[in-house]
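**Student:** The structure that follows is given in the form of structure tokens.
Throughout, read-outs are computed from the coordinates displayed, never taken from laboratory work. A quick note: this is a predicted structure, and the numbers were derived from the prediction, not measured. When we count neighbours, we look across all protein chains shown, and the Cβ atoms used for this are built from the backbone with ideal geometry, even at glycine.
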Amino acid sequence: MTNDDRSNETSSESRTTPAPKKAKGGVDVVDASDDQLVVRLRERFGEAITSAVSMVGQRIVTVTIESVSEVLAYLKSDDEFRFNLLLDVTAVHRPEEDPQFELVYQLCSTTTLERVRIKTGLADGAPAPTVCGIWGTANWLERECYDMFGIVFEGHPDLRRILLPDGWEGHPLRKEYPVEFRENRWIAENLNIHALPDDADFSGKVEI
């Protein structure tokens, strides 16, 4: 085989070999079905574990909303894994998808320093179960998620805004929330601002 033949063969292979799957940000996503934790979860919860992948070295397990609190409680109490620290509760809003919300829990084991991300889909307006009874830190984290996304956590002992004042209209991390400044009732009533200069720029945009 000549060098030209080898070159043509290599070129042909590069055209036919599919590229590795990438996440939206261009990061490789690897199937994690053989991971020990994922195997244990599927043995225990079956079809409630809808997907499991690894991205940037972190396991991401997607769970049905009906089973998410049970899965999270198991991950904390299991003697082998002991994910005893809830680092964050947040969400992603994709109004063009069904369900619109993806609720995300970031867990860590203070013993092994391993981490796992648990995700679950949530329809707009549907409540999510609180996990305050599993981790005390969920209290403020769920309040922040409620404040920013409008997600209601059923059973939360004190669900109210934590960053914005009571009476604020809307939830800033939802996609339909306007990025630029807008007048609202809370500003008029509490800051006594009823009119803004016509030529004022409240967009926050900076021209360089």
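**Student:** Select from region 61-84 the residues that are over 18 Å from A128 (Cβ atoms) and among the hydrophobic types (A, V, I, L, M, F, W, C) and list them in ascending order. Even if it seems obvious, please write down each step before you answer.
**Tutor:** We begin by selecting, within region 61-84, every residue over 18 Å from A128 (Cβ atoms); these are 77-84.
Listed by number, the residues that qualify are F81, F83.
**Student:** May I pose another question? Would you check which residues across region 35-65 are of a type in the set (D, E, K, R) and within 17 Å of V104 (Cβ to Cβ) and list them?
**Tutor:** Quick first cut of region 35-65, residues of a type in the set (D, E, K, R) only: 35, 40, 42-44, 47, 59.
R59, the sole residue that qualifies.
**Student:** Take region 93-127 and flag every residue that is under 14 Å from the mean Cα position of the chain (by Cα) and of a type in the set (D, E).
**Tutor:** Answer for region 93-127, where residues must be under 14 Å from the mean Cα position of the chain (by Cα) and of a type in the set (D, E): just E102.
**Student:** Could you list, in sequence order, all residues of region 131-146 that are touching a residue at least 40 places away in the same chain (Cβ under 8 Å) and assigned to a loop (DSSP other than H, G, I, E, B)? Please lay out each step first, then the result.
**Tutor:** Taking region 131-146 as the starting set, the residues that turn out to be touching a residue at least 40 places away in the same chain (Cβ under 8 Å) are 131, 134-135, 137-138, 141-142, 144-145.
Scanning region 131-146 gives V131, I134, W135, T137.
**Student:** Please verify whether region 73-81 includes one or more residues that are on the phi > 0 side of the Ramachandran plot and more than 18 Å from the chain's Cα centre (by Cα). Before the answer, list the steps.
**Tutor:** From region 73-81, those on the phi > 0 side of the Ramachandran plot are none; that's our starting set.
Scanning region 73-81 turns up no residue that is on the phi > 0 side of the Ramachandran plot and more than 18 Å from the chain's Cα centre (by Cα).
**Student:** Kindly provide the set of residues from region 64-87 that are closer than 15 Å to E114 by Cα and acidic (D, E), ordered by number.
**Tutor:** Listed by number, the residues that qualify are D78, D79, E80.
**Student:** Next up: Looking only at region 41-58, count every residue that is surrounded by 13 or more Cβ atoms within 10 Å (Cβ to Cβ) and touching a residue at least 12 places away in the same chain (Cβ under 8 Å) and tell me the total. If you could, list the steps in order and put the result at the bottom.
**Tutor:** First pass over region 41-58, keeping only residues surrounded by 13 or more Cβ atoms within 10 Å (Cβ to Cβ): 41-42, 44-45, 48-55, 58.
If we keep only those that are touching a residue at least 12 places away in the same chain (Cβ under 8 Å) too, we end up with 41, 44-45, 48-50, 52-55, 58.
So the count comes out to 11.
**Student:** Let me ask something else about it. For D34, work out the one condition from (1) over 27 Å from G136 (Cα atoms); (2) touching a Lys or Arg at 6+ places or on another chain (Cβ under 6 Å); (3) assigned to a loop (DSSP other than H, G, I, E, B) it doesn't fulfil.
**Tutor:** The single condition D34 does not satisfy is (2).
**Student:** Now a separate question. Out of region 56-66, which residues are within 14 Å of the chain's Cα centre (by Cα) and hydrophobic (A, V, I, L, M, F, W, C)?
**Tutor:** I60, V61, V63, I65
**Student:** Then there is this: Looking at region 147-165, which of its residues are part of a loop (DSSP other than H, G, I, E, B), under 17 Å from E176 (Cβ atoms) and not small (G, A, S)? Don't jump to the end; show me each part of the working.
**Tutor:** Taking region 147-165 and keeping what is part of a loop (DSSP other than H, G, I, E, B), we get 150-152, 155-165.
Narrowing the set further to residues that are under 17 Å from E176 (Cβ atoms) leaves 150-151, 164.
Listed by number, the residues that qualify are I151, L164.
**Student:** Something else about it: Residue by residue through region 115-131, note down the ones that are closer than 11 Å to V89 by Cα and either of a type in the set (K, R) or crowded, with 20+ Cβ neighbours inside 10 Å (or both). Can you show your working first?
**Tutor:** Taking region 115-131 first, the residues closer than 11 Å to V89 by Cα are 117-119, 130-131.
Scanning region 115-131 gives R117, I118, K119, V131.
**Student:** Another one. When the residues of region 132-169 are narrowed to those that are closer than 19 Å to A73 by Cβ and among the small types (G, A, S), which ends up surrounded by the most Cβ atoms within 10 Å (Cβ to Cβ)? Give the steps one after another, and end with the answer.
**Tutor:** To start, the set of residues in region 132-169 that are closer than 19 Å to A73 by Cβ comprises 132-139, 141-142, 145, 153-157.
Still in the running and among the small types (G, A, S): 133, 136, 138, 155.
Working: G133: 12, G136: 10, A138: 20, G155: 14.
The residue in question is A138.
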